[in-house]
Structure formats: structure tokens, C-alpha cells
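A short worksheet on the structure shown next.
The values are calculated or read from the model by the stated rules, or taken from the named source; none is laboratory data. Only a predicted model underlies this, so the values are computations on that prediction, with no experimental measurement involved. So basically every Cβ, Gly included, is an ideal-geometry build from the backbone, and we count neighbours across all protein chains shown. SASA here: full protein model, heavy atoms, side chains in, ligands and nucleic acids out. Shrake-Rupley method; radii C 1.70, N 1.55, O 1.52, S 1.80 Å.
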Amino acid sequence: LDEAVLNPGISVVFFDVGKGDAILIRTQEGCMLIDTGYDETREVILNYLAEQKIEKLDYLALTHFDKDHVGGADHILKEVEVGKVLQPDYESDSDQYQEYCQVMKDKKMEPVYVTETTELSLNNAEILIYPPQKNEYKEEDNDFSLVISLRYGKRRFLFTGDCERERLN
């Protein structure tokens, strides 16, 4: 767990979930979780949320559907209230993706498919979510990742999922 407290208004928490991703952006107004790590590392996130008394995520953004990014999503959705789920506009045949889809269906939730640049805000944190720019990439799953930028005052973060060089150029 690595936490960057930018000032009293915002913190960015990077969870230790192995080589996967799970990042919590928290402001006084709300929370956004980017990715959910592996299925077996979900407790790292769930325990932190419980310790911090976070019962609701305004946004859950899944950058792409590799198991180290979507693995814990079904558990997060079962345990924590989630306002909106944002995801890229493609499907996967992985077990973790299917488990996530089943929980979404059970909860009668529809994801927001990010097909154009989407702007969100939490307090004074400006968040931009960028969809893939092409229909085909050499590294399809990785380069179909959503790219998320966060700006808070003079601080900026860029969360790239698993984008490869072709996508980031």
C-alpha cells in the first residue's frame, strides 16, 4: 500500500496487488477505484475500504479485462456500493470477466462503455478517461486499456492500464 496525500483534499492510494493494478482516488466528495487487482488480492482492497469506512465508490473504472485488473471486480461489486462502472467497449472470454459480468447482471447494473473522452470530477479533481483510439492494435487487450488522467491543482497523474508503446505514442 502506497498512499500519496496531495493535500487535505485528495489522496491517491496504490494497492499492493502483485503485478496488477488497483488505485483509489479519494476526495472529500467521493471515491474512484481504478482496477481491482487479482481475484486472490481482493482482500487488500476490501480491508482498506472497511478500515477507512468507505462504503461507496462513486466510480469503478476497469481499464481492461486481464485478470490482474478485473479479477477482484465481482467481489468489490458485491461488498461495496458502486455508483457507475466505466469500462472499454469490448468483451473478453476470461473467467474473471465472466464473473464480473454475472455480478453486474445480478445487481441489474449497466456499465458505461467509454467510447469517447469522458470527463468526471471529484471535488476539484479533474478526471479524463480516454478510450482506445483504434479498432485494432498488435497487443489488443493491453492497448484497448482505458487511459485515465487526474489533475488536482498542479499535480497530475496518468494511469495507463497496460498500454503498450503503440497506444501511448
### Message
On a 23 Å Cα-Cα criterion, which of the cross-link pairs K56/K107; K67/K107; K78/K108; K67/K105; K19/K56 come out too long?
### Response
K19/K56
### Message
Defining a contact as two alpha carbons under 8 Å apart and six or more residues distant in sequence, what relative contact order in percent does region 1-112 show?
### Response
20 percent
### Query
What list of ³J(HN,Hα) values in whole Hz, one per residue of region 90-99 in order, does the Karplus curve 6.51 cos²θ - 1.76 cosθ + 1.60 (θ = phi - 60°) give from phi, with Gly and Pro shown as x?
7, 10, 9, 9, 6, 4, 5, 5, 5, 5
### Task
Tell me which residues come under 5 Å, amide H to amide H, from L86 once H is placed; ignore anything under 5 positions away on its chain.
L60, A61, L62, V112
#### Entry: E29-Q52 pseudo-label distance in nm [points 7 Å out on the Cα-to-Cβ vector]
1.7 nm
### Query
Applying the Karplus parametrisation 6.51 cos²θ - 1.76 cosθ + 1.60 with θ = phi - 60° to the phi angles of region 105-112, what ³J(HN,Hα) value in whole Hz is obtained for each residue in order, glycine and proline being reported as x?
5, 4, 8, 6, 9, 10, x, 8
## Note on the structure
Using a 1.4 Å probe on heavy atoms of the protein chains only, the accessible area for E91 in Å², nearest 10, reads 150 Å²
### Query
Ordered by residue, what ³J(HN,Hα) values in Hz, to whole numbers, does region 40-46 give under the Karplus form 6.51 cos²θ - 1.76 cosθ + 1.60, where θ = phi - 60° and Gly and Pro are x?
6, 10, 4, 5, 4, 6, 4
### Task
Name the long-range amide H neighbours of L57: under 5 Å, sequence gap of 5 or more, or other chain; modelled H, no Pro or chain starts.
E81, V82, G83
### Message
Taking the full set of protein chains and a 1.4 angstrom probe, give the accessible area of D16 in square angstrom, rounded to the nearest 10.
### Response
100 Å²
